[in-house]
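One structure is given below, represented as structure tokens, and several questions about it will come after.
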Amino acid sequence: MREIPNKYEWQDAENRINDKWNKKEIYKFDINSKKIYSIDSPPPTMSGNMHMGHAFSFSQMDFIARYKRMRGFSVFFPFGTDDNGLPTAKLVEKMKNVKSSKMERGDFVKLCHSTINELRDAFIQGWKNIGISADWSLSYSTIDLHSQKISQKSFIDLYKMGREYRMEAPYIWCPTCQTAIAQIELQDKELDSSFNDLAFTLKDGKDAIISTTRPELLPACVALFAHPDDKRYKKLEGTTAKVPIFGHDVTVLLDERVDPEKGTGLVMCCTFGDQTDIEWFKAHKLPLRVAITKDGKMTKIAGKYEGMQIKEARKIIIEDLEKAGILKSSKKITHSVNVHERCDTEIEILKTSQWFIKYLDLKKEFIDAGKKINWYPEYMRTRYDNWINGLQWDWCISMQRSFGIPFPVWYCKKCGEINVADESQLPVDPLTDKPKNKCKCGSSDFEPDRDVMNTWATSTLTPQIAIGLIDDKDAMKKLFPMDLRTQAHDIITLWLFNTVVKSMFHENNIPWKNTMISGFALDSHGKKMSKSKGNVIEPSTVLQKYPADALRFWASESKLGDDMSYQEKDIKTGLKFVTKMWNASKFAFIHLEDYKPKKIKVTNTIDKWILSKMTDTIKTCTEAFDEYQYSKSKRAFENFFWQDLCDNYLEIAKDRLYNPDKYPKGSKESAHYTLYKVLLACVKLIAPITPYISEEIYQIFFKENEKSESVHITAWPEIEKDLIDKTSEKSGDIACSIIGAVRKYKSIQNVSMNQPIKKIRISCSDELKDLIDTVSEDIQNTVKAETLEFKDDCDIECNGYDIKLGFDM
């Protein structure tokens, strides 16, 4: 046994243990194992430092990985980073003080790759520092050549299936990022605005009032609409109205999509304000008027407002409408607006050429697929279903950016035919590479596709990307569907849903059997952390002051799926546990220094009591972990560790360990056997949550006897039914209750806990008397009572039992 330091030096221990795990390849995956558990883990976006949300959700995932490993599984747990596309490009522009639009595309792409390589090791170290037990030899980047090949093959396969198409159509556009974005990249944000009633002029000179929050779209107005059953406007069908300020005429039309109860019941159709505008544009074959540029400025048709930013134009147009007497009313409102989740910019709808994946016709199939997955917690599936039911667009997968995975596509300059790359060419860059074959028209003159794929088009292939790291022709058969997808609830729509989409298209199967959805880490006031609010706390800062186990202990407190506030006091609670675990173990080491474990017959009732309690705890923890309820396992463990083991058993057994001659023969051996077995079970039960302190204790004392290189590859504690002894449990519980009553009495009397008691008097039934007889010696020696008698003249309540006590000091 190694010399035991007086204090647990966690900084030294964590560095030493991390080195050991790495050198001994403790978490290396074995594809040939008979039992495999596979995890599709979220590749964090490498566009900033590791944040508290990462520590929160990745710790919860790691609890399961470590538990499964101890259950005998070889855990497939690769680690990826999401370095692809817009987030990385924006990071590089900021870090290197450059603009991609002012650089040669190839030079900017090289700069992105070199910057990623500069940052990756330090970025990944954050996950290693909180004890994530990934197989670090299995790593990928969503922009590396391996991922590019898989992503481009996915594109080609879907194109050949007829599931992809390129079309010029109105679609969602981000003026800040200057690219098309998918519906999955939208977020709702509450913004201040104004609801404005303004007058169009009919041919007879009368006013037709419409209500709008976006008067800057007036130059793009192409029609007015009313409901066919709305008697106020039915007679206006086919007449024209003059658009205020801009002066062009539009026709009044009827359509059932108008809500007669909203505003004045008369609405303007602009190209384009929302999805309904698009539907009217197509259904009524309306003209196209473009009022907003790709960079969010007003176009030439806006007249004197040309070149203004959208919000500036809105403000001035409202002022001009008011001056002209056209603005009839305006009231301040707060409403929900779609913004781009990457930059919080209000989105526009512009007519552009984009690539789409066709999937709106398969909503039912995707909902059915969701039902085949086990959701933890189950209620999270509602978010998945609601998202699918609310889908209005096919999936746009193209972006107008420089950095990302290129589309493996060229266009024939002669006939316009789309030519996709041959699979043997992948990964391919159409800007520098040429098609393998001529176009079917015979031409060899091609125009490359200059767009890149949306990052989610690749990230939704993480099962295939991860499994592709394994050099085994049967890897897909052994690992797919994967056992678990872990992620936060905010990307159910972004990542989870579209991974199901890709999996159903490519594998005709769900991607995983189970999904585990975590919540958010919030600030101390329950608010989402963000740099703009100045409330971000980084794990690296916490780890300078507290052990990683304390941070993980905090993360284990939250029920799966729940958001939880970060409070430093909760980290201190974790530190307190680590310290107590060390001190309790150190006490045990002193008494077990020369102990060699062997099976014996336990005769002492208190030993039977703690072993039975331990077995109950093992059963509860095992069942909880099997249902991904790590927090339930932790609570059960804490109750056992603090109350049963530390507060009671160690105090009761102490006298037997120090003074064995006072007890029947074999009592000390029974205590040694029990202490060893219980402490080893505790180390194992909490190992998934606090891996460092568990490893340190195991290495100092248990490794020599247990032989396994690490506690994390030892067997999870077994539920030994022969240790369950409900009679001894009741006797032990009564003993703890009596001891507690004595301690309370001494405290009230303001006397030392070590002061002897002449006599404990007990009044109870004969049944309870028999139970107390089996633990009376332990009770007496623990509270230093000279005698214990059963008498009727008692008046002190014994908590939890029909027992009265009396004390003679």
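How much length is gained if the chain between Thr251 and Lys726 is pulled fully straight, taking 0.36 nm per residue apart and subtracting their Cα-Cα distance, in nm to one decimal? All intermediate terms of the calculation are to be shown ahead of the outcome.
Numbers: separation 475, 0.36 × 475 = 171.00 nm, distance 8.47 nm.
Here the segment from Thr251 to Lys726 would lengthen by 162.5 nm.
Once every Cα of segment 516-621 carries one equal point scatterer and solvent is ignored, give the base-10 log of I(q)/I(0) from the Debye formula at q = 0.15, 0.24 Å⁻¹, two decimals.
-0.84, -1.35
Continuing with this model, one more query. Please work out how much length the chain gains when fully extended from Gln309 to Met167, using 0.36 nm per residue of separation minus the C-alpha to C-alpha distance, in nm with one decimal.
On the way: separation 142, 0.36 × 142 = 51.12 nm, distance 2.79 nm.
Contour length minus the Cα-Cα distance gives 48.3 nm.
Then there is this: With the cut-off at 25 Å, report for segment 632-739 the share of all Cα pairs above it, as a whole percent. Walk me through the numbers on the way to the answer.
Details: 1566 of 5778 pairs.
Looking at segment 632-739, the distances longer than 25 Å represent 27 percent of pairs.
For the pair Asn437 and Gln392, how long in nm is the line joining their label points, each one 7 Å along Cα→Cβ?
Rounded to a tenth, the inter-label distance reads 4.1 nm.
Ok, one more. With label points built 7 Å along Cα→Cβ from the Cα atoms of Ser540 and Lys358, find their separation and express it in nm.
So the two model labels end up 4.8 nm from each other.
To continue, here is another question. Could you list, bin by bin from short to long, the percent of Cα-Cα pairs of segment 670-723 in 10 Å steps?
Per 10 Å bin, starting at 0, the Cα pair percentages come out as 24, 57, 18, 0.
With unit charges on the beta carbon (Lys/Arg positive, Asp/Glu negative), name the residue among Leu685, Leu224, Met753 whose Cα is farthest towards the positive pole of the charge dipole of the chain.
Going by the Cα projections, it comes out as Leu224.
Right, something else. Could you size up the charge dipole of segment 142-188 around its Cα centre, putting +1 on the beta carbon of Lys and Arg and -1 on that of Asp and Glu, and report it in debye to the nearest 20? Don't skip to the end; give the middle numbers.
Working: 5 positive and 6 negative charges, 59 e Å.
Value, rounded to 20: 280 debye.
Return the long-range amide H neighbours of Leu560 (sequence gap of 5 or more, or a different chain), with a cut-off of under 5 Å between placed amide H atoms.
Excluding prolines and chain starts, which carry no amide H, the hits are Ser631.
In Å and whole numbers, how far do the C-alpha atoms of the chain stretch along each principal axis, longest first?
110, 63, 46
If you wrap a convex hull around the alpha carbons of segment 537-599, what volume per residue comes out, as a whole number of Å³?
Values: hull volume 8.0 nm³, N = 63.
About 127 Å³ per residue, rounded to a whole number.
Are there GluC sites (Glu not before Pro) in segment 371-476 that DSSP puts in a loop and that have at most 15 other Cβ atoms within 10 Å, and which ones?
Working: sites: Glu378, Glu417, Glu423; in loops: Glu417.
Here the sparse-neighbourhood loop sites are Glu417.
Sequence-distant or interchain residues sharing an amide H contact under 5 Å with Val337, placed H: which?
So Val337 has HN proximity to Lys189, Glu190, Leu191.
A further question on this structure: Taking the simple approach of a point 7 Å from Cα along Cα-to-Cβ for both Ile316 and Lys262, what is their distance in nm?
3.0
Another question about this same structure. Contour minus end-to-end for Lys203 and Lys601, with contour as 0.36 nm per residue of separation and end-to-end as the Cα-Cα distance? Mind dumping the intermediate values first?
Details: separation 398, 0.36 × 398 = 143.28 nm, distance 10.35 nm.
Gain on extension, Lys203 to Lys601, equals 132.9 nm.
Determine ³J(HN,Hα), in whole Hz, for all residues of segment 308-321 in sequence, where each value follows from phi through the Karplus function 6.51 cos²θ - 1.76 cosθ + 1.60 and θ = phi - 60°; x replaces Gly and Pro.
6, 5, 3, 5, 5, 5, 4, 4, 6, 5, 4, 4, 5, 4
For segment 740-809, take the convex hull of the Cα atoms, compute a quarter of its surface area, and give me that in nm², please.
Values: hull surface 17.0 nm².
Mean projected area of the Cα convex hull: 4.2 nm².
With r as the distance between the Cβ atoms of Gln755 and Phe505 and R0 = 60 Å, compute the FRET efficiency 1/(1 + (r/R0)^6) and round to 0.05. Could you put the intermediate results ahead of the total?
Details: r = 77 Å, r/R0 = 1.28.
Calculated transfer efficiency: 0.20.
Between Ile757 and residues 5 or more places away or on another chain, which pairs have amide H atoms under 5 Å apart, with H built 1.01 Å from N, and which residues are they?
HN-HN under 5 Å from Ile757: Ala785, Glu786.
Report ³J(HN,Hα) in whole Hz for each residue of segment 487-499, in order, from the Karplus equation J = 6.51 cos²θ - 1.76 cosθ + 1.60 where θ = phi - 60°; Gly and Pro get x.
Values per residue, Gly and Pro as x: 5, 7, 5, 6, 10, 4, 6, 6, 9, 4, 4, 6, 5 Hz.
If you don't mind, another one. Using unit Cβ charges (K, R positive; D, E negative) and no other charged atoms, how large, in debye to the nearest 20, is the dipole of segment 61-104 about its Cα centre?
On the way: 9 positive and 5 negative charges, 37 e Å.
The dipole of segment 61-104 has a size of about 180 debye.
With +1 assigned to the C-beta of every Lys and Arg and -1 to the C-beta of every Asp and Glu, and no other charges, what is the dipole magnitude of segment 19-150 about the Cα centre in debye, to the nearest 20?
Values: 20 positive and 14 negative charges, 62 e Å.
Dipole magnitude for segment 19-150 comes out near 300 debye.
For segment 1-99, what is the convex hull volume of its Cα atoms per residue in Å³?
Convex hull of Cα atoms, per residue: 178 Å³.
Per residue of the chain, what 222 nm ellipticity follows from adding -39500 (n - 2.57) for every DSSP H run with n ≥ 4, rounded to the nearest 500?
Details: 25 runs with 300 residues, N = 809.
-11500 deg cm²/dmol, from helical runs alone.
Now, a different point. When the Karplus curve 6.51 cos²θ - 1.76 cosθ + 1.60 is applied with θ = phi - 60°, which whole-Hz ³J(HN,Hα) does each residue of segment 398-404 get, with x for Gly and Pro?
10, 9, 9, 10, 8, 9, x
Which three extents, in whole angstrom, do the alpha-carbon atoms of segment 426-574 cover along their principal axes, largest first?
72, 39, 27
Along each of the three principal axes of the Cα atoms of segment 701-789, give the extent in whole Å, ordering the values from largest to smallest.
Sorted largest first, the three principal extents are 51, 32, 19 Å.
Computed from the coordinates by the stated procedures, all read-outs in this text should not be read as laboratory data. No experiment lies behind these values; they were computed from the predicted model shown. As a convention, Cβ positions derive from the backbone with ideal geometry for all residues, glycine included, and neighbour counts pool all protein chains shown.
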